[in-house]
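Working notes, beginning with the structure itself.
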Amino acid sequence: ELYSLFKKLNEKIAFMTENIPWELVEQSVNITNLDNAYSSTPVTLASANTPAPSATKGHLTNITNLDNTATENVKDCRKALFRMDEDVYTIEPLTQEEFTKIPKYMIGRQSLVNVNAFIATINQIMKAKYSLLALGKIGAKKKGEFDLFMQFKKEEADLKGTGR
């Protein structure tokens with residue numbers, strides 16, 4: 001039964017690699033570096049109903065076939081299937097250009113280095129918070145931070161800061 005589910009998943013993945021939406025391809029390609037990176041590959045525009053050309057299919061053939069993999073290599077598929085990107089809750093550091101656009105009365109005596117250090121601290125805190133929430137109740141109990149986990153869950157359930 002598990003093998004048949006993995007086989008269906010493999011078929012879905014194969015279908016998805018052959019039918020990549022062009023919106024995703026256009027978002028992932030940096031237009032300014034297109035001539036440098038893909039000078040040998042012709043780029044064609046396609047409509048929404050056009051299947052992916054064979055040039056992009058060649059790059060996606062590295063997906064392993066389920067029939068060739070042993071089932072003991074698959075330990076916990078939940079981590080692979082439902083893993084969120086780690087940078088979902090990050091703030092990008094300020095660039096010098098953005099920093100110069102901020103009015104002087106708002107900056108005060110802070111430098112760009114101080115602001116970016118503060119942003120890095122916020123990113124570390126957010127990563128720690130959401131990694132604790134990803135553990136779940138049992139994982140938080142094992143780690144000894146169950147009270148903190150419950151506080152975060154309570155804050156998530158809070159209705160937009162109203163305290164209800």
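Please treat every number below as a calculation from the coordinates, not as lab data. The structure displayed is predicted, hence computed values, not measured ones. Cβ atoms come from the backbone with ideal geometry, glycine included; neighbour counts cover every protein chain shown.
Using the Cα gyration tensor of the range 86-157, with a ≥ b ≥ c the square roots of its eigenvalues, what is the shape: rounded (a/c below 1.5), prolate (a/b larger than b/c) or oblate (neither)? Since a/c reaches 1.5 and a/b is larger than b/c, the shape of the range 86-157 is classed as prolate.
Residue separation of Leu94 and Leu112 scaled by 0.36 nm, minus their Cα-Cα distance, works out to 5.7 nm of gained length. Ranked by how many other Cβ atoms sit within 10 Å of their own Cβ, fewest first, the residues Ser131, Ser4 fall in the order Ser4, Ser131.
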